[in-house]
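The values are calculated or read from the model by the stated rules, or taken from the named source; none is laboratory data. Only a predicted model underlies this, so the values are computations on that prediction, with no experimental measurement involved. Cβ coordinates were reconstructed from backbone atoms using ideal geometry, including for glycine residues, and neighbour counts include every protein chain displayed. These area figures cover heavy atoms from the full protein model, side chains too; ligands, DNA and RNA do not enter into them. Shrake-Rupley method; radii C 1.70, N 1.55, O 1.52, S 1.80 Å.
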Amino acid sequence: MTAQIMDSVILEDDLERYALVGISGKPLFKPEAHGLTPVMIHTACWRGWYVTYQVTHGQLTVLDLAVGLNEAQTALAEAGEGPLLEGRAPRKETYEAHVVGKEGPQTFDKTEWDYRNVGLPIPFSGGLLLGRDFIRELYVHMGFHPAWKYGTVIELLLREGHVEDVRDVSLLMAERRESVRNAPSPDRPPTRPELEAWIKRTFSRDYGLN
């Protein structure tokens with residue numbers, strides 16, 4: 001298994017992005033609600049899509065979307081005919097990488113399709129946890145990393161897509177981190193149900209509001 005690509009959030013005028021590490025409430029963006037049928041991009045994105053959200057003047061919107069498209073929708077995208085999101089067609093972007101035996105960086109097409117500057121308002125009500133300063137020693141090859149693995153954690157409280165409160169919960173997450181570190185190690189390997197439950201938790205970003 002592989003750690004999954006996190007959604008990210010640009011908070012007002014802060015140029016450094018946060019990772020979206022916790023969700024309590026609904027609705028957030030779902031590609032299926034806009035006629036898209038995501039397929040797995042690669043092992044770091046099993047669900048087939050990831051989003052950059054933006055908060056501007058207190059309003060939550062989708063800024064960018066990267067998505068793996070099925071065969072039929074890929075044909076539309078290659079023809080420049082869609083599928084459309086907020087009137088925008090996706091485009092295939094490229095990246096550079098070094099290849100053994102080749103001189104200089106090589107250019108490759110990305111697997112996913114990108115929608116840029118979408119500007120789609122999201123009428124979310126609830127809480128979002130935003131993390132930055134990931135603690136590298138806590139990395140595992142599985143799912144989404146939880147909030148307590150980040151040095152800085154901000155909680156946004158929203159109603160119908162508008163931010164009503166912003167709280168710094170970094171200290172609370174630090175306390176949670178220490179409790180995990182100090183928890184006694186099991187004296188036996190995990191059972192299959194315990195292992196399956198752990199895997200399920202790593203793919204969930206749900207958290208409870210206090």
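Within the range 76-108, how many residues are surrounded by 10 or more Cβ atoms within 10 Å (Cβ to Cβ), more than 23 Å from Pro121 (Cα to Cα) and of a type in the set (A, V, I, L, M)?
Number satisfying all stated conditions: 3.
For every residue, the table says whether it meets (1) part of a strand (DSSP E or B); (2) touching a His at 6+ places or on another chain (Cβ under 6 Å); (3) open to solvent by 50 Å² or more (accessible area, probe 1.4 Å); (4) modelled with pLDDT of 95 or more.
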| residue | (1), (2), (3), (4) |
| --- | --- |
| Met1 | no, yes, yes, no |
| Val9 | yes, no, no, yes |
| Leu15 | no, no, yes, no |
| Ala19 | yes, no, no, yes |
| Phe29 | no, no, no, yes |
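If Arg136 satisfies every condition in (1) under 23 Å from Leu60 (Cβ atoms); (2) at pLDDT 90 or above but one, which is the exception?
Looking at each condition in turn, Arg136 falls short on (1).
For the range 60-75, give me the residue count where each residue is in a loop (DSSP other than H, G, I, E, B) and either free of Cβ contacts under 8 Å to residues at least 12 places away in the same chain or surrounded by fewer than 18 Cβ atoms within 10 Å (Cβ to Cβ) (or both).
The total comes to 1.
Being open to solvent by less than 70 Å² (accessible area, probe 1.4 Å) and at pLDDT below 95, is that true of even one residue in the range 123-131?
Within the range 123-131, none of the residues are open to solvent by less than 70 Å² (accessible area, probe 1.4 Å) and at pLDDT below 95.
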